[in-house]
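The values are calculated or read from the model by the stated rules, or taken from the named source; none is laboratory data. All values derive from a computational prediction rather than experimental measurement. When we count neighbours, we look across all protein chains shown, and the Cβ atoms used for this are built from the backbone with ideal geometry, even at glycine.
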Amino acid sequence: MPYDVIIIGGSYAGLSAALPLGRARRRVLVVDAGQRRNRFAAASHGFLGQDGAAPGQIVATARDQLARYATVEMLQGAAIAVAGDEQGFVVQTTGGPVAGARLILASGVTDNLPEVPGLAERWGRHVFHCPYCHGYELNQGPIGVLATGPMSLHHAQMLPDWGATTLFLNGAFEPDAAQLAELDRRGVVVERTPVAGFFSEGADIRLADGRTVPLAGVFTLAQTRITGPLAAELGVDIEDGPLGQCIQVDAMQQTSVAGVFACGDVARLAGSVPLAVASGAMAGVAAHRSLIFTA
């Protein structure tokens, strides 16, 4: 028997989408490849009731709670192809084909990090993207912003609330006079010397001229791409933003393709755990209602 809803992705958004569907006693399959975007971080912050919890523990608790609902199933594996329309979808997974009346895409995005020596090894520990998630724990120490493009200006303007901030342009862009004035207004120091890399155990940056800048943490904006092939195969509308791709959805997380919903980081240009959970809950409710109310 086909599932009512197949959810691609078993992280925060996907599991959140499964909950209202399970409570509605609908047959749900969550296909999870096990690659949470924040798997590199030791703690997750900003999610009410779970502030400071380990990311894996949040997911484990959610899975335990979903296990109470007999109609919710988990499939460990990747979704590799899809075919169908609102009349029904067939998803090819590494565990075999599965069929469902509705799809929720919650596969997330993959971060393409700046190619700076030592950065990848520090991602999620000393180098971050979200000030609200990691800024407080730097205890107002010195903060670096490693520019990847013009959007880094906004990043640098935000971060002085968490600590004295230096913007490392690293050849990514050159602020104009008005932008420099805004940075000065926020007390941001602009460093034009190229970055050679990270060479200490922590976040300290070494510049091409040999100077080392001590830092409590560094923030940067990675380019993102949609994880997995399903969005492209389904032909959903995709927005190309300055930081990468995301699936376009309406207020109910409905994509441009009937019967297909999307939630979490794959469906918004800025990601966090609480926002992913909220959009997942909406996608689950919307998918359920679409099974009841037909046009």
Long-range neighbours under 8 Å by Cβ, at least six apart or interchain, first residue over 13 Å from HIS155 (Cβ atoms) within region 171-183, second not small (Gly, Ala, Ser): GLY171/PRO194; LEU180/VAL190
Restricting to region 236-263, what's the tally of residues that are at positive phi and either among the acidic types (Asp, Glu) or modelled with pLDDT under 95 (or both)? 1
Hey, any hits in region 68-81 for a residue that's surrounded by 12 or more Cβ atoms within 10 Å (Cβ to Cβ), of a type outside the set (D, E, K, R) and touching a Phe, Trp or Tyr at 6+ places or on another chain (Cβ under 8 Å)? no
Among the residues listed as GLY197, GLY187, GLY118, GLY135, the single one being among the small types (Gly, Ala, Ser) and closer than 30 Å to ALA262 by Cβ: GLY135
Which members of region 139-174 meet the condition of being of a type outside the set (A, V, I, L, M) and assigned to a loop (DSSP other than H, G, I, E, B)? ASN139, THR148, GLY149, PRO150, TRP162, ASN170, GLY171, PHE173, GLU174
THR165 - would you say it is of a type in the set (Ser, Thr, Tyr), within 30 Å of ALA216 (Cβ to Cβ) and in contact with a Ser or Thr (Cβ under 9 Å, 6 or more places away or on another chain)? no
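Yes/no per residue for (1) touching a Leu at 6+ places or on another chain (Cβ under 8 Å); (2) touching a residue at least 60 places away in the same chain (Cβ under 8 Å); (3) under 21 Å from PRO20 (Cα atoms):
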{"site": "LEU230", "(1), (2), (3)": "yes, yes, no"}
{"site": "GLU239", "(1), (2), (3)": "yes, no, no"}
{"site": "ASP250", "(1), (2), (3)": "no, no, yes"}
{"site": "VAL260", "(1), (2), (3)": "yes, yes, yes"}
{"site": "ALA286", "(1), (2), (3)": "no, no, yes"}
{"site": "LEU291", "(1), (2), (3)": "no, yes, yes"}
